[in-house]
Amino acid sequence: MSNPLKVAVLGCGSVGSQVVRLLRAQADDLAARIGAPVELAGVAVRRLDAPREVDVPAELLTTDAMGLVCRGDIDVVVEVIGGIEPARSLILAALENGASVVTANKALLAEDGPTLYEAADKAGRDLYYEAAVAGAIPILRPLRESLAGDKVTRVLGIVNGTTNFILDRMDTAGSGFDEALEEAQALGYAEADPTADVEGFDAAAKAAILASLAFHSRVTAADVHREGISEVTAGDARSARDMGSVIKLLAIAELRTTEGEGGHRDEAVCVRVHPAMIPRSHPLASVREAYNAVFVESEAAGQLMFYGPGAGGAPTASAVLGDLVTVARNHRQGTRGVGESAYADRTVVPMGEARTRYHVAIDVDDRAGVLAAVATAFAGHGVSIQTVRQEGRDDDAQLVVVSHEATDAQLAATVEELRGMDIVRDVTSVMRVEGTEE
């Protein structure tokens, strides 16, 4: 076989330790698949004496991550430390020193992916990141390679296991948000500080990456409309069940046709992350507990769904090793894989132009004429009502309205008017509804 392929791993936490374990446990198979043995050349860690899930020979451990990536004899750097810095500086240094990079860093890719791509192009090296979105699920490679001859029109996904577990418990066990979050933390599905997950930051970064690949345009996390699940109530979950639906935190990226100058029609991108009700007949409705799934719609292939464990050390390490094999093969053959594809350069439209249906719960006075007044408010902003029902009587009276498709701006204006009406005590819930109208 050829000379060994030297690999440096940055980070030895839950994912990094599993990468190290698989590199050693599957060494013979990896060598056969690549055509050269893989040599673990070093593992950069924050503390040498920290407890680890796997035993790493002391001579491989170092706290000098920059020194490791700048050695000059490293062929591939695997970055699994996360965050923006020092990860960005380490990846750029690795590329400048002749190493290809495999990363799982969704936050960095969503914030500054173009800088990394440009550095990889300048160095003539690979940048692969399948593990950055949905753990072990192969979704990025299909978008940028398998579907390269097709036109993707929509990507709809559950890409955060923590929030899916919480919402699943609220649906199946009737738990409140706080109770479900505590259970997720006890089981290790949620961090002690769950903000990145429950407020949608994690899913927004992944949505930006998915949209960039699907629509051949640069999309950053700042372009993504983001709402979390902390305001979802047990009452919302009950209302969804009454509609034959379930609430999921969805990452949605879709092409929209916009009217340009002189009647010219342009395509733009809309990217959003928010909780939504979906019919139980939709494939994503059956995604339970901490699993992830991504639903892709394209003109020729139609509808495709990718499902599996979206997080965890071993599943994520599986995606890292898959990229490592590809990068190693390219290295041996003196070739490169697919780089950035941003030729379409589509505009990202604001959330106000996004179109969907809505579920609105309104506490109202229980007297004649209320329904007509509420319906008039909806009609005045161009929002057509699909269904309406009253729950409770007297002081507990509530109207539950489900609209036909409208823009987010139209719905926001409707809710603002409703809250100013004398007959409305409160608008207690506004939830988007995705899926085919029944």
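The values are calculated or read from the model by the stated rules, or taken from the named source; none is laboratory data. Owing to the predicted nature of the structure, the values given are computational and were not obtained by experimental measurement. All Cβ positions, glycine included, derive from the backbone under ideal geometry; neighbour counts span all protein chains shown.
Brief remarks follow.
- The listed residue being of a type in the set (G, A, S) and farther than 21 Å from P4 by Cα, out of A120, A58, A99, A94: A120
- Within the range 420-438, the residues that satisfy the criterion of being loosely packed, with under 14 Cβ neighbours inside 10 Å and either under 25 Å from L249 (Cβ atoms) or touching a helix residue (DSSP H, G or I) at 6+ places or on another chain (Cβ under 6 Å) (or both) are D426, T436, E437, E438.
- Listing of strands (runs of 3 or more DSSP E) fully contained in the range 259-374 that carry 3 or more residues being under 21 Å from A412 (Cβ atoms): 265-279, 355-364
- Any pair with Cβ under 6 angstrom, 6 or more apart, that starts in the range 1-30 at a residue that is under 15 Å from V45 (Cβ atoms) and ends at one that is among the acidic types (D, E): L10/E79; S17/E53
- In the condition set (1) farther than 23 Å from G82 by Cβ; (2) modelled with pLDDT of 95 or more, A196 is compliant with all but (1).
Let's see how each residue does on (1) more than 15 Å from A123 (Cα to Cα); (2) of a type in the set (V, I, T):
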{"site": "A36", "(1), (2)": "yes, no"}
{"site": "E39", "(1), (2)": "yes, no"}
{"site": "G42", "(1), (2)": "yes, no"}
{"site": "T63", "(1), (2)": "yes, yes"}
{"site": "G98", "(1), (2)": "no, no"}
{"site": "L109", "(1), (2)": "yes, no"}
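- Counted residues, the range 207-248 - those being under 19 Å from R272 (Cα atoms), assigned to a loop (DSSP other than H, G, I, E, B) and among the hydroxyl-bearing types (S, T, Y): 3
- The range 390-418, subset of a type in the set (G, A, S) and touching a residue at least 40 places away in the same chain (Cβ under 8 Å), residue surrounded by the most Cβ atoms within 10 Å (Cβ to Cβ): S403
- Only residues that are among the polar types (S, T, N, Q) and outside any helix (DSSP H, G or I) were counted in the range 1-34, giving 3.
- Residue in the range 234-246 that is of a type in the set (G, A, S) and within 30 Å of P142 (Cα to Cα) present: yes
- Residue within the range 150-166 that is farther than 27 Å from L304 by Cα and surrounded by fewer than 20 Cβ atoms within 10 Å (Cβ to Cβ) present: no
- Matching option when the condition is over 30 Å from the mean Cα position of the chain (by Cα) and farther than 17 Å from A94 by Cβ, among L68, L22, L30, L61: L61
- Enumeration of residues in the range 337-368 that are among the aliphatic types (A, V, I, L, M) and in contact (Cβ under 8 Å) with a residue 12 or more places away in the chain: V338, A342, A344, V348, V349, M351, A354, V360, A361, I362, V364
- The range 378-437: number of residues that are aliphatic (A, V, I, L, M), part of a strand (DSSP E or B) and over 25 Å from G244 (Cα atoms): 1
- Pick from the range 1-42, criterion within 20 Å of G82 (Cβ to Cβ) and polar (S, T, N, Q), ranking: surrounded by the fewest Cβ atoms within 10 Å (Cβ to Cβ): S14
- Residue within the range 151-158 that is on the phi > 0 side of the Ramachandran plot and assigned by TED's automatic domain parsing to the domain that holds S239 present: no
Okay, residues lined up against (1) farther than 14 Å from L156 by Cα; (2) out of contact with any helix residue (DSSP H, G or I) (no Cβ under 7 Å at 6 or more places or on another chain); (3) not hydrophobic (A, V, I, L, M, F, W, C):
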site	(1), (2), (3)
E199	yes, yes, yes
A211	no, yes, no
D236	yes, yes, yes
D242	yes, yes, yes
C270	no, no, no
P283	no, yes, yes
E289	yes, no, yes
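- Candidates I209, I229 - the one that is crowded, with 24+ Cβ neighbours inside 10 Å, more than 27 Å from S429 (Cα to Cα), in the same structural domain as D168 (by TED's automatic domain parsing) and of a type in the set (V, I, T): I209
- When the range 42-63 is filtered for residues that are touching a residue at least 12 places away in the same chain (Cβ under 8 Å) and either within 11 Å of L10 (Cβ to Cβ) or not in a loop (DSSP other than H, G, I, E, B) (or both), the ones remaining, listed by number, are G42, V43, A44, V45, R46, L60, L61, T62.
- I84 meets all of the listed conditions (1) under 21 Å from L23 (Cβ atoms); (2) not in a helix (DSSP H, G or I) but one, namely (1).
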